[in-house]
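Just below is one structure, and these are the notes that go with it.
The values are calculated or read from the model by the stated rules, or taken from the named source; none is laboratory data. It should be emphasised that the depicted structure is a prediction, and the values quoted were computed from it without experimental measurement. Cβ placement follows ideal geometry from the backbone for every residue including glycine, while neighbour counts extend to all protein chains displayed. Side chains included, ligands, DNA and RNA excluded: accessible areas come from the protein's heavy atoms. Shrake-Rupley method; radii C 1.70, N 1.55, O 1.52, S 1.80 Å.
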Amino acid sequence: MEHAAESVPHVRLPEVDSRLLRELVEYLRQRRTELRQEWVRRITDAQLLGVMTPEEIFLEVTAVYDNYVDALETGSVETLQDYARDLSERIIRRGVETHEVLGIVLLLRDVLARSLFVHYQHDPDVLNRILDAYEPAANRIAVTVGVSFVEERERVIREQQAAIRELSTPVLQVRERLVILPIIGVLDSQRARQLTEQLLMTIQANRAKVVVIDITGVASIDMTVANHLVQTVKASRLMGASAIITGLSSEIAQTLVDLGVDLSMMKTVGDLQGGLEEAERLLGYKVIQAGDE
Amino acid sequence: MSVPILKQGDYLIASIQSALTDSEVLKLRDDLADRVGNFRSRGIVIDVTAVDVIDSFVARSLQTIASTAKLRGAETVLVGIQPDVAVAMVQFELSLDPLLTALDLEEGIAALRRSTGGVDEDGR
Amino acid sequence: MADERRVPIVSDDDMVTARAEGRALAAHLGFSRTDATLVATAISEIARNIVVHAHDGEIVLTPVYGDSRYGLVVVARDRGPGIPDVEAAMQDGYGSSNGLGLGLPGARRLMDELHVESEVGRGTTVTMKKWRDRDELERLRERRSDSR
């Protein structure tokens, strides 16, 4: 797992009176059970993390709480940051949104601040100094968790975009010298061109001799796209590869006939399985005749 | 710049190194016609890997080479057509008949062996 | 940004120059490698018409920068004998006796637009265009860099 670790500054929390800090940390550890429960209650009331079970929420909350208190104690957010990234990676895939994560961290800040307020209300001076120590640290922690989440989310999005790009031009090598181009979805002129270029590059890179173009997943076809298909077959042949078209539905076959598309130089086979068998047969022996019509 | 033509056994190999002018294309055509006769070659491989434009004149010249060679009993294979050049040729609706086409030199020679009745190294 | 380029066409060496210039301008405008090859091939055809029929002329390449698309305009001018029947010259097989029948119709298939003006005894001008749609992201980036 690669993290963009350098993009979040490794913030040292502000220096605070060490006696007060020890007291604060001690207090939060003593009240751990009660404050965790209060936090979970507030999370549930605010209807955050709806995709997670109460048990899951409690487990994560406990870990975040402990990391949070450790960060206050040591002044270093690194461990918390690592945990936040790890947590983010797990919950992003389940659809947790940015506002939920920010909401949860801010709730924890509120829960703890309120508890401190109640605990020290008899001594306003100490309360003030405790809050002075707590607030900037708490804000820093909230920012760290929020930024970690957003960065993780961006990384996941980038990954998905790359996957989509790859899926939209899926030229697959089945075995040596044989590639399949399964076309799925709407085939417009621009996409047909892209697919052709991708296919020809793959023929060159993989030294393919047979390409199977499977159009089972194509719903309809017009004259322009049909001509693209014919051109793709011809261009493949110029590069020394024979093309086999499979998955031609009866509707599309009818359309092609009605449109008067010249299919004489296209080798078509009913289904992908049959196409692959034909491809294997061709790979056994073959001579390619340019303009062999 | 003229195109070097190598003789390898029964075959001639012409490897075009850069963009050619029309007169260089014609010279290649004439050189190949001469050599096929002189060497009684059975096949010609023309490598166009470095050629970035195949227009109607080049295509027609290549066809002439192949037809002439055929009359003397030799097949001609064009190898190394680049993906973008293949698209342009198809969109232009250029024909290469009676040339054979193959991916690269190795495939071209294998294609010649098959079509001139020889045997591939792997015994096919 | 690149301005227009003029390539005098006198001998067949000049055709190679004109093709290379066309390819370079297409690349500059962000055309794909395949599109650049289509442009270079079309230029080759009309440049040859100049060399063979007129012996002297020029090819002018001009970029067009639109907001939603970029274009490459190729104008080929000569003072040659002219084409008596432009309509017929646009059909496949025209003048195939001298082996030049594929030039204009082929170039038209490679480009998005092709227009021929010709007067017998005065010369011929062929204008061809190739367009490339620009995507939203590209335009955004440009606006951002313009407003810095």
Margin query: Using amide H atoms built in the peptide plane, which far-off residues or other-chain residues are under 5 Å from residue A:244 H to H?
Written below: A:211, A:212, A:213
Check: Under 5 Å between amide H atoms, partner at least 5 residues away or on a different chain: which partners does residue A:218 have, H built in plane at 1.01 Å?
Finding: A:185
Checklist line | Furthest towards positive pole of dipole, A:96, A:224, A:111, structure part the protein assembly as shown, Cβ charges | finding: A:224
Next item on the list: Kindly express, to the nearest 10 degrees and within the range 0 to 90, the angle between helix A:124-168's C-alpha long axis and the longest C-alpha principal axis of chain A.
Entry: 10 degrees
Check: Got a number for the accessible area of residue C:10? Probe 1.4 Å, square angstrom, nearest 10.
Finding: 80 Å²
Margin query: Order A:223, C:90 by their accessible area, 1.4 angstrom probe, all chains in place, largest first.
Written below: A:223, C:90
Check: Considering only DSSP beta bridges whose two residues both sit in the protein assembly as shown, what percent are antiparallel, to the nearest 5?
Finding: 60 percent
Check: Across the residues of A:239-249, average count of Cβ atoms on other protein chains within 10 Å?
Finding: 3
Notebook entry, point to check: Ordering B:27, A:209 by how much accessible area each has at a 1.4 Å probe, largest first, what is the list?
Noted result: B:27, A:209
Checklist line | Karplus-derived 3J(HN,Hα), 6.51/-1.76/1.60, for each residue of segment A:236-246, Hz, glycine and proline x | finding: 4, 5, 4, 8, x, 10, 8, 10, 10, 9, 10
Margin query: What does DSSP give for segment A:136-259 in terms of the percent of beta bridges that are antiparallel, rounded to the nearest 5?
Written below: 20 percent
Checklist line | Euclidean distance between Cα centres, segment A:170-226 to segment C:33-83, Å | finding: 32 Å
Checklist line | Partner lysines for residue C:130 [C-alpha distance under 26 Å; skip if fewer than 8 residues away on the same chain] | finding: A:234
Note to self: On C-alpha positions alone, give me the angle between the axis of helix A:98-119 and the longest principal axis of chain A, in degrees, nearest 10.
What the structure shows: 10 degrees
Checklist line | Whole-number Å³ per residue for the convex hull built on Cα positions in segment A:172-284 | finding: 86 Å³
Next item on the list: With springs connecting C-alpha atoms under 10 Å apart, model chain A as a Gaussian network and identify which of A:236, A:88, A:148 has the largest mean-square fluctuation.
Entry: A:236
Margin query: As a test, work out the antiparallel percent of DSSP beta bridges whose residues both lie in chain B, rounded to the nearest 5.
Written below: 25 percent
Margin query: For residue B:45, what residues show an amide H to amide H distance below 5 Å, using hydrogens built from the backbone and excluding near sequence neighbours?
Written below: B:12, B:13, B:14, B:77
Next item on the list: Tabulate in residue order the Karplus-calculated ³J(HN,Hα) for segment C:117-129, using 6.51 cos²θ - 1.76 cosθ + 1.60 with θ = phi - 60°, rounded to whole Hz; enter x for Gly and Pro.
Entry: 10, 8, 10, 4, x, 10, x, 9, 10, 10, 10, 10, 10
Item checked: Accessible area of residue A:278 in the full protein assembly, 1.4 Å probe (Å², nearest 10) -> 40 Å²
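How many partner chain Cβ atoms sit within 10 Å of a residue's Cβ in peptide B:49-55, on average, as a whole number?
6
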Next item on the list: Could you tell me how many degrees, from 0 to 90 and to the nearest 10, lie between the Cα long axis of helix A:189-206 and the main elongation axis, the longest principal axis, of the Cα atoms of chain A?
Entry: 80 degrees
Notebook entry, point to check: Residue by residue, what Karplus-based ³J(HN,Hα) values in Hz, rounded to whole numbers, does segment A:25-40 have, using 6.51, -1.76 and 1.60 with θ = phi - 60° and x for Gly and Pro?
Noted result: 5, 4, 4, 5, 6, 4, 8, 3, 4, 5, 6, 4, 5, 4, 4, 4
